[in-house]
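Colleague: Can you read through this structure? Questions will come right after.
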Amino acid sequence: MAANLKNTWPAWALLIGNLFWLTPSQAQSPAQEDLTSFAIRRLAQAVIDYSAQIQYCRQQEIVLPPDTFAGLEMSRDEQIAALAYFRNKNDRTCLGQVEEEFLQATLLAREAKLPAYSAKDDPGAEQILTALLSRTLALKRERPYLRLAPALRRQLEALPVLQHNFDPFQSIRSLGLSNADIDDD
């Protein structure tokens with residue numbers, strides 16, 4: 001999920017409503033009409049499933065304890081890099097195949113020329129870029145993490161608490177990093 005997909009689920013409800021009101025144009029060929037109907041159904045279901053999975057992932061979040069990095073020699077910037085990396089990694093794991101289905105449905109909607117997704121309505125492919133945003137963020141957050149010393153990364157990866165979805169803002173406060181530069185994406 002380019003506006004933060006995870007925080008725009010009410011807008012998705014409008015999108016779903018609009019999808020059900022769409023009807024294939026009389027001027028379309030039967031094959032195109034079938035693609036349009038299929039794309040509408042698939043996108044509507046993908047939006048519902050993705051929204052539900054995001055909600056499920058958020059409900060699984062914990063608050064990292066203040067001693068999460070105890071015993072590790074880490075600067076504040078290193079802690080922030082680790083939090084951003086694990087937040088995104090765990091989120092992507094939780095979203096899993098549902099996120100992939102949403103991306104595929106978005107691509108199919110563009111192919112079927114659905115309103116708001118067609119090249120005419122969305123020349124910059126903003127809908128597809130929105131669907132790819134979490135993947136872009138993952139790559140962006142991996143870079144600072146990979147700059148950490150390999151031994152430190154192994155220690156962090158061995159911490160069971162970092163393998164769970166966590167609330168980034170409450171965890172930052174818990175860890176005493178409340179001025180940290182981390183997004184909830």
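The values are calculated or read from the model by the stated rules, or taken from the named source; none is laboratory data. Please read these numbers as outputs of a predicted model, since none were measured by experiment. Please note: Cβ atoms are built from the backbone with ideal geometry, for glycine as well, and neighbour counts cover all protein chains shown.
Colleague: Out of Gln60, Gln79, which single residue is out of contact with any Gly (no Cβ under 6 Å at 6 or more places or on another chain) and loosely packed, with under 14 Cβ neighbours inside 10 Å?
Modeller: Matching residue, one of Gln60, Gln79: Gln60.
Colleague: Is it the case that some residue within the stretch 112-124 is more than 19 Å from the chain's Cα centre (by Cα) and farther than 30 Å from Ile40 by Cα?
Modeller: Among the residues of the stretch 112-124, not one is more than 19 Å from the chain's Cα centre (by Cα) and farther than 30 Å from Ile40 by Cα, which makes the answer no.
Colleague: Looking at Gln45, Gln59, which one is modelled with pLDDT of 85 or more and either closer than 30 Å to Gly176 by Cα or in contact with a strand residue (DSSP E or B) (Cβ under 8 Å, 6 or more places away or on another chain) (or both)? I'd like the intermediate steps shown before the answer.
Modeller: Working: Gln45 fails: either closer than 30 Å to Gly176 by Cα or in contact with a strand residue (DSSP E or B) (Cβ under 8 Å, 6 or more places away or on another chain) (or both).
After ruling out the rest, the residue left standing is Gln59.
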